[in-house]
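The values are calculated or read from the model by the stated rules, or taken from the named source; none is laboratory data. None of the values given here were measured: they were computed from a predicted structure. Counting neighbours? That spans all protein chains shown, and the Cβs are built from the backbone with ideal geometry, glycine included. Ligands, DNA and RNA are excluded from the accessible area calculation, which covers all protein heavy atoms including side chains. Shrake-Rupley method; radii C 1.70, N 1.55, O 1.52, S 1.80 Å.
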Amino acid sequence: MKKSNTSSLLQAHLAVLLFGLAGVIGRGVASPAFVVTFARVLFSSITLGLFFLLRRQSIRLRRPGDFAMLALAGVIMAAHWTMFMASIQKAGVAVGTITFATFPLFVTFLEPLMFHEKLKPGGIVQALIMLIGVVVLAPLGKPDPGLLYGILLGMGSSLTYAMLSLLNRRFTADYSSSQVCFYEQGVATIVLLPIMFILRPEVIAADIPYLIVLGIVCTAIAHSLFIASFAGLKVRTAGIISGMETVYSIILASLILAELPSMREIIGGVIILGVVMYSTLKSGE
């Protein structure tokens, strides 16, 4: 394997480990999902802004039209992280991250549309198997409104993440990962700010240190690393690696929150992650 590819793989895995920690923090704090997301993008964008200021690095965009695309990505990011955090808070770390791991399912259908690539039959089969894994997660015999709502939120976060990653693929050739993150998270902060003023949620003092870690370490650093990995990896491959977030999150939740997955969650996770691992092997052929 080429050195650049090895470096990209390491960047992607470290980023995904930190993403897994983000889910655990989101589950452990008492603040609502949109507050967690707002703090995440606020502290992250401030960190990135200081990074550019200290290095005296320009953040000017090469083309005016790029700002519109980055702004769109920022809106999608705000929706993605809010739904992801809400899914974890409603249904637990395992369900939230397992449903998020269906991200390659949406990439399978969106990537050919956005980049005029051929839709492969094997990708359709894999997508259907992933859906079976999601169905296994759902308590069809004894419906649990909170769990079902969490699953739907998780699938929504998966869809928006697929859209976000494919948009980021357009930017990596022209801009640094930190620059992309700065614009996207800055827009996400602006989008969520009116909600904070309208709803005026109570800010829990005990949550603030964790939200700062979430914004700086699990977002500014982690997201920059993940976008940077696209330079040596295909979006689909990076998305497959992101499926490891489920494993990392469940392990961290078990160690930190004593939150163990149920047998149904394990079976659904094995089905979904099995497809993810199979796709990884196929992408390397």
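Quick test of your reading of the structure: residue 186 fulfils all but one of (1) assigned to a loop (DSSP other than H, G, I, E, B); (2) crowded, with 21+ Cβ neighbours inside 10 Å. Name the failing condition by number.
Status for residue 186: all satisfied but (1).
So which of 76, 129, 98, 151 is out of contact with any Cys (no Cβ under 6 Å at 6 or more places or on another chain), of a type in the set (Val, Ile, Thr), modelled with pLDDT of 80 or more and open to solvent by 30 Å² or more (accessible area, probe 1.4 Å)?
From the options 76, 129, 98, 151, the qualifying one is 129.
Please determine, by comparing only the residues of the range 62-73 that are among the small types (Gly, Ala, Ser) and surrounded by 16 or more Cβ atoms within 10 Å (Cβ to Cβ), which one is nearest to the chain's Cα centre (by Cα).
Here the residue is 73.
Identify, by number, the condition in (1) modelled with pLDDT of 85 or more; (2) at negative phi that residue 92 doesn't meet.
Condition (2) is where residue 92 drops out.
Report, by residue number, each residue of the range 241-259 that is over 22 Å from residue 10 (Cβ atoms) and either of a type in the set (Asp, Glu) or touching a Phe, Trp or Tyr at 6+ places or on another chain (Cβ under 7 Å) (or both).
259
If you check residue 87 against the conditions, is it surrounded by fewer than 16 Cβ atoms within 10 Å (Cβ to Cβ) and hydroxyl-bearing (Ser, Thr, Tyr)?
Answer is no for this residue.
With the requirement that a residue be open to solvent by 70 Å² or more (accessible area, probe 1.4 Å) and either assigned to a helix (DSSP H, G or I) or modelled with pLDDT of 90 or more (or both), what does the range 164-183 give you?
Correct list: 169, 170.
Among the listed residues 262, 229, 177, identify the single one that is polar (S, T, N, Q) and farther than 17 Å from residue 10 by Cα.
Only one candidate passes the filter, namely 262.
Is there a residue being open to solvent by 10 Å² or more (accessible area, probe 1.4 Å), farther than 30 Å from residue 26 by Cα and either in contact with a helix residue (DSSP H, G or I) (Cβ under 7 Å, 6 or more places away or on another chain) or part of a helix (DSSP H, G or I) (or both) anywhere in the range 105-113?
Yes, because at least one residue in the range 105-113 is open to solvent by 10 Å² or more (accessible area, probe 1.4 Å), farther than 30 Å from residue 26 by Cα and either in contact with a helix residue (DSSP H, G or I) (Cβ under 7 Å, 6 or more places away or on another chain) or part of a helix (DSSP H, G or I) (or both).
Among 69, 77, 85, which is the only one that is touching a residue at least 12 places away in the same chain (Cβ under 8 Å), within 15 Å of residue 155 (Cβ to Cβ) and hydrophobic (A, V, I, L, M, F, W, C)?
85
Kindly list, by first and then second residue, each pair from a residue in the range 203-230 that is of a type outside the set (A, V, I, L, M) and open to solvent by less than 30 Å² (accessible area, probe 1.4 Å) to a residue that is modelled with pLDDT under 90 and not in a helix (DSSP H, G or I), limited to pairs with Cβ atoms under 6 Å and residues at least 6 apart or on different chains.
Close Cβ pairs satisfying both conditions: 230/172.
Could you identify the single residue in 45, 31, 58 that is touching a helix residue (DSSP H, G or I) at 6+ places or on another chain (Cβ under 6 Å) and either over 23 Å from residue 242 (Cα atoms) or surrounded by fewer than 16 Cβ atoms within 10 Å (Cβ to Cβ) (or both)?
Within the list 45, 31, 58, the selection yields 31.
Among (1) touching a helix residue (DSSP H, G or I) at 6+ places or on another chain (Cβ under 7 Å); (2) open to solvent by 30 Å² or more (accessible area, probe 1.4 Å); (3) at pLDDT below 80, which single condition is residue 267 missing?
(3)
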